[in-house]
Amino acid sequence: MAITVKLGFVPLIDCAIPLVAADMGFAAAEGIDLALERESSWASLRDKLAFGLIDAAHILAPLPLAMHLGLAGIPPVAMAVPMALGRGGNGITVSTDLYGRMQAADPAAMERPGLGTAIALKKVILADRAAGRPLLSFASVFPFSCHHYELRRWLLAGGIDPSTEVNLGIIAPPRMAESLGAGWIDGYCVGEPWNSRAVMRGTGKLVATKQDIWPDSHEKVLGLRQRWLADNHDLTLSLIRALTRAALWADAAENRQALAALLAEPRHLGLPVEIIAAALAQPGTAPLFHRDGATLPRPNIAREIMREMMAAGQWPPQIPAADDVWRPDIHHAAFSHSHR
Amino acid sequence: MGNADLSILIIDGSPDRAAVVERGLVEAGWVRVSTIGPSVNLLARIQALAPDVIIIDLENPDRDTLEQMFQVSRQVQRPIAMFVDQSDSQMIHAAIEAGVSAYVVDGLRQDRIKPIVETAVSRFNAFDRLRRERDEAQAKLQDRKLVERAKGLLMKNRGLSEEDAYTLMRRTAMKQNRKLADIAQSVITAFEMEL
């Protein structure tokens, strides 16, 4: 008898691993009936995970740490991250209008995407200030997200103070491109396919990728309540094995077409398959699922995330024990001989 | 008892459900209720309305935008926080299950907010029940149409009486442990293939 595990996800390209595990038989092979639940916002995913309406979640890497520390707007919940669900995938896009101004201000800085493009932005900001124009507005997807910290890192690389020299806001990924097109914001940091979307429509241009800004950072992780982990230890190990095999499958070049089709389905992302396929092939913003240890949660990344939280003013200036939450030991146990 | 002074904003992707919740709140004595749908300039609209309580559906992607109101509170004059009654986790569980969440102006007393959230939860559940019942009624009507059509085909092509046609399908359904409508569909498909 297969055991049901309810796993929540937010429709983005990097939710591929649980989708593949459920659809390509990797979960079933471990005796798991993986019931996927799509969520429209990180807030709802957080609530359902915290209050036990789902067992597990494809979740922003910083969010379980924030939930554990009681920072995420709800009472603290003891959380565990026994696996990472890939790396990369994010990019920063600015409106074509702002891109033109940045290019005019500093053509050399704009030669290629990367941290250097923020130097051109600084020049635009200084010109705006001299002319008495309002601040530019940028959005990320959630306060406790790598996107937020990557946007801050990029701004800081250009000598821009994120808290005084720009407006920073939050917009859900599916709303990003339309908000940019409508002129509500001047730029954003988001996961694919929402950068490609604006670029393909001609409303935005890519100025930096996660690869440029924070290359070794995890992007999404597997989030569990510690209580659930304690009650379902062996099941968790099975789940990690199923998800890891799915990650390996998702990375393989020969599966890319099938992966794009799976992600494009109405019950998953519900977008044209060409957009997904293009985003999966896009150098710089295509996510890594298994390669280079993309599934092993590394504690040094958790510590970097907490430093970013502090820098963003989300956490009092002290480093708590990240090791309570990030559990590479569980990931290792899933592949030790006694459990294989 | 001073219900009238609290201003409540309902943000819902479903206008029908928003109307049901609004009516429920107004009937219970909260008169300052307004509703908005999905919107790209959500924060500006909320600031203009300055609600004390916000009711939002869980499927709404705007929840993440709304939450920055307690992260970046310097942008708004009235800081907003998610309503979580620490003493009653049963209630928050019921709210999430019903698909609704609430945000309140920080500092409002919990006993003033709780009945609002309870009303919203019960209205969400009632709406869900109504929708389910409507879907079921439609499915039943669809089933009945299938059975009628299959019956007609059997009468015309096999010379059965109406009663015999019905009994035949009924007996087959019981024997195969399938729904009568499924058998009817099979009958229709079989005749369609012959044609």
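Of all residues in segment A:287-311, which are open to solvent by less than 30 Å² (accessible area, probe 1.4 Å) and either over 26 Å from A:PRO143 (Cβ atoms) or among the hydrophobic types (A, V, I, L, M, F, W, C) (or both)?
A:PHE289, A:ALA294, A:ILE301, A:ALA302, A:ILE305, A:MET306, A:MET309
Considering segment B:172-192 alone, what residues qualify as being touching a residue at least 12 places away in the same chain (Cβ under 8 Å) and touching a helix residue (DSSP H, G or I) at 6+ places or on another chain (Cβ under 6 Å)?
B:LEU180, B:ALA181, B:ILE183, B:ALA184, B:GLN185, B:VAL187, B:ILE188, B:PHE191
Can you name the helices (runs of 4 or more DSSP H) wholly within segment B:1-97 that have at least 3 residues being modelled with pLDDT of 90 or more, surrounded by fewer than 20 Cβ atoms within 10 Å (Cβ to Cβ) and more than 8 Å from chain A (Cβ to nearest Cβ)?
Passing ranges, in order: B:15-27.
If I ask for residues that are at the interface with chain B (Cβ under 9 Å from one of its Cβ atoms), over 24 Å from A:MET67 (Cβ atoms) and open to solvent by 10 Å² or more (accessible area, probe 1.4 Å), which ones from segment A:164-187 would you list?
A:ASN167, A:GLU178, A:ALA182, A:TRP184
Does segment B:165-181 contain any residue that is on the phi > 0 side of the Ramachandran plot and assigned by TED's automatic domain parsing to the domain that holds B:ALA28?
No, because not a single residue in segment B:165-181 is on the phi > 0 side of the Ramachandran plot and assigned by TED's automatic domain parsing to the domain that holds B:ALA28.
Just to check your reading of the model, which residue among A:ALA66, A:ALA78 is of a type in the set (Gly, Ala, Ser), open to solvent by 40 Å² or more (accessible area, probe 1.4 Å) and in the same structural domain as A:VAL10 (by TED's automatic domain parsing)?
A:ALA78
For segment A:13-58, give me the residue count where each residue is among the polar types (S, T, N, Q) and open to solvent by 10 Å² or more (accessible area, probe 1.4 Å).
1
The values are calculated or read from the model by the stated rules, or taken from the named source; none is laboratory data. Bear in mind the structure is a predicted one, so any value in this text is a computation, not a measurement. With ideal geometry, Cβ positions are generated from the backbone for all residues, glycine too; neighbour counts draw on all protein chains shown. Note: areas computed on protein heavy atoms with side chains; ligands, DNA, RNA excluded. Shrake-Rupley method; radii C 1.70, N 1.55, O 1.52, S 1.80 Å.
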